[in-house]
1. Considering only the range 115-212, what is the antiparallel percent among its DSSP beta bridges, to the nearest 5?
2. Can you tell me how much longer the chain between Glu72 and Ala110 gets when fully stretched, taken as 0.36 nm per residue apart minus their C-alpha distance, in nm with one decimal?
3. Considering only DSSP beta bridges whose two residues both sit in the chain, what percent are antiparallel, to the nearest 5?
4. With just the Cα atoms of the chain, tell me how far they stretch along each of the three principal axes, in Å, largest first.
5. Using R₀ = 35 Å, calculate the FRET efficiency as 1/(1 + (r/R₀)^6) where r is the Cβ-Cβ separation of Glu59 and Phe126; round to 0.05.
6. Could you give the accessible area per residue of the chain, probe 1.4 Å, as a whole number in Å²?
7. Just the number, please: carbon plus sulfur as a percent of the accessible area of the range 71-220, 1.4 Å probe, no ligands or DNA/RNA counted.
8. With Cβ to Cβ distances under 13 Å as the rule, what net charge do the other residues near Val93 carry (K, R +1; D, E -1)?
Amino acid sequence: MLRISNLDVSIQSIDILRGVELSLDKGQMAGLVGRNGAGKTTFIKSIMGLLKPSAGTLEFDGRDLKAIPVHERNQMGIGYMPEDRRLIPNLTVEENVLLPMWASRAPDSAERLQYVYRIIPELVDFAQRRGSQLSGGQQKLVALGRALMTGRQLLLLDEPFEGVAPALAQRLAEVISGLKSEGMAVIFSESDLQYSQSLVQKIFAMDRGTLTETSATAAA
């Protein structure tokens with residue numbers, strides 16, 4: 001599903017990613033592990049089109065991602081959960097979740113919203129709260145729900161468990177684990193695999209802009 005080869009990314013003439021290689025099949029989950037500043041967020045933003053590679057290939061479902069505008073990548077079934085959540089504080093939870101569908105004018109937004117509510121029923125309970133009224137963990141759930149609105153095939157999760165209380169982090173892991181039966185591919189960007197170790201089939205170590213596949217697990 002996702003094939004990345006010899007990917008280089010520079011920001012303001014500074015090399016951030018160098019020769020990155022990664023492959024991920026439908027339904028696979030992979031952990032991208034590294035310290036802060038290793039290049040994990042840059043890698044995810046490159047897949048989303050928020051940063052432009054200087055070299056290499058990016059293919060998703062057989063298509064060249066480098067030739068596809070950012071807004072069309074959501075329509076391809078790619079969902080992105082940024083590290084800082086980026087909720088709009090004055091909008092309700094439901095409005096925040098619906099934002100990507102409004103932006104793409106998707107005709108099935110109501111149907112997709114019900115899907116998200118089924119996957120994360122907690123969102124129904126505070127659907128009418130404003131983003132500013134939520135705890136950090138609740139905001140992570142909302143950000144995950146928003147990513148699922150467009151993430152039908154691939155989810156990119158940047159530090160999904162960072163700064164979240166253990167109980168809510170475990171709940172996030174449970175929700176993500178359930179996506180495996182949906183055939184969804186997932187990439188976790190994390191400093192460690194405390195909550196996702198049992199979920200991933202591939203583990204990649206990111207260090208100073210290079211990526212190495214370190215191990216594969218037999219996660220159920």
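The values are calculated or read from the model by the stated rules, or taken from the named source; none is laboratory data. If you're wondering where the values come from, they're calculated on a predicted model, not measured in any experiment. Glycine also receives a Cβ, built like all others from the backbone with ideal geometry; neighbour counts cover every protein chain displayed. These accessible areas exclude ligands, DNA and RNA; they are computed on the full protein's heavy atoms, side chains included. Shrake-Rupley method; radii C 1.70, N 1.55, O 1.52, S 1.80 Å.
1. That works out to approximately 40 percent antiparallel.
2. 11.7 nm
3. Antiparallel bridges make up about 55 percent of those DSSP assigns within the chain.
4. Computed over the chain, the largest-to-smallest principal extents equal 45, 35, 33 Å.
5. Efficiency for this residue pair is about 0.35.
6. 45
7. C and S fraction of accessible area: 48 percent.
8. Local net charge: +1.
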